[in-house]
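Notes to accompany the following structure.
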Amino acid sequence: MQKIPSIISCLIAALLLCQCSTVKSVTEEKNDGWISMFNGKDINDWTTKIHHYEVGDNYGDTFRVEDSIIKVRYDKYEGDFNERYGHLYYNTPYSYYHLVVEYRFVGELHPGAPSYTIKNSGVMFHSQDPRTMPKEQDWPISVEMQFLAGLEEGKSRPTGNMCSPGTDVVYEGKIDPRHCINSTSKTYFGEQWVRAEAIVLGDSIVTHIVNGDKVLEYTKPQIGGGVANRYDPAMKIDGKLLKEGFIALQAEGQPIDFRKVELKNLKGCMDPKASNYRKYYIKSDPEDCKYN
């Protein structure tokens, strides 16, 4: 791992210390910058993109809201899965932030979905805009915090891993050639809720946290690598650092529930004289400052 400047290390330590991993903590801090990306009622603030379909076509009601939960389901699909990988994108891109997602796996893998997608999903970040994806592009150019659940007692299957469709990251001091890098998390079985957090600091450092434990850290997310297919070549500039992008929930054949998707923006006006100054910002955006 590359040596991180002390100021960044201190910021990460402070964030991990003050952002308690419990649901109660996030609820108490909603008035201090936390945004509920999912309102518990609908997904009007989100946009779907499913492989083989145009952006905005939520084929088969793949992403739906029931019981104040975003549910990923395939009961309205005709035929086999047919690589209908889907993503639900929040309509606002972000750069520096602390993201919280609570998920649980349910049900059975849809027929025809690849075996590796059993109890497999994730959240994408620093993603390209779904409106820049051709109809036949399978995966967005993005970084993924991968979610997995255990399949066999006594066999480790960590969650909170890093996967990289169309991207690369620097891990332990060098660009890692692997598509996925395993975290150090525990293995979680059954339909239990799991809390996943990502602290994303632009193109510098990314930290994964699962149920309160730091499980993975890497730096310099950038465009590169493979896996993503049939993209617009203009969108894949290998070596370009990813400073910001969209956040998307994944659907790849396994039913899954998301009951919480919250974010604390860490980039904004850092001038105490401005009306929109916030003490928790760690990345300055002078153009965002507002003065009475």
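Nothing in this text is a laboratory measurement; each read-out follows from the coordinates by a stated rule. From a predicted model like this one, the values you see are computed outputs, not experimental measurements.
Values as computed for the structure displayed
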| read-out | value |
| --- | --- |
| Rg ratio (alpha-carbon, reference 2.2 N^0.38 Å) - the stretch 6-288 | 0.96 |
| CD proxy at 222 nm, helix term only [per DSSP H run n ≥ 4: -39500 (n - 2.57); per residue of the chain; nearest 500] | -2000 deg cm²/dmol |
| Amide H contacts under 5 Å for Phe38, placed H, 5+ residues apart | Val261 |
| Degrees between helix 6-18 axis and first principal axis of the chain (Cα, 0 to 90, nearest 10) | 70 degrees |
| Reciprocal mean inverse distance between Cα atoms of the stretch 222-270 - Kirkwood radius, Å | 14.6 Å |
| Whole-number percent relative contact order across the stretch 29-155, with pairs defined as alpha carbons under 8 Å at least 6 apart | 25 percent |
| 19 Å Cα-Cα threshold exceeded, pairs from Lys41/Lys71; Lys220/Lys283; Lys174/Lys214; Lys135/Lys243 | Lys174/Lys214; Lys135/Lys243 |
| From phi via Karplus (6.51, -1.76, 1.60), per-residue ³J(HN,Hα) for the stretch 149-160 in Hz, x at Gly/Pro | 10, x, 10, 9, 4, x, 10, 5, 8, x, 10, x |
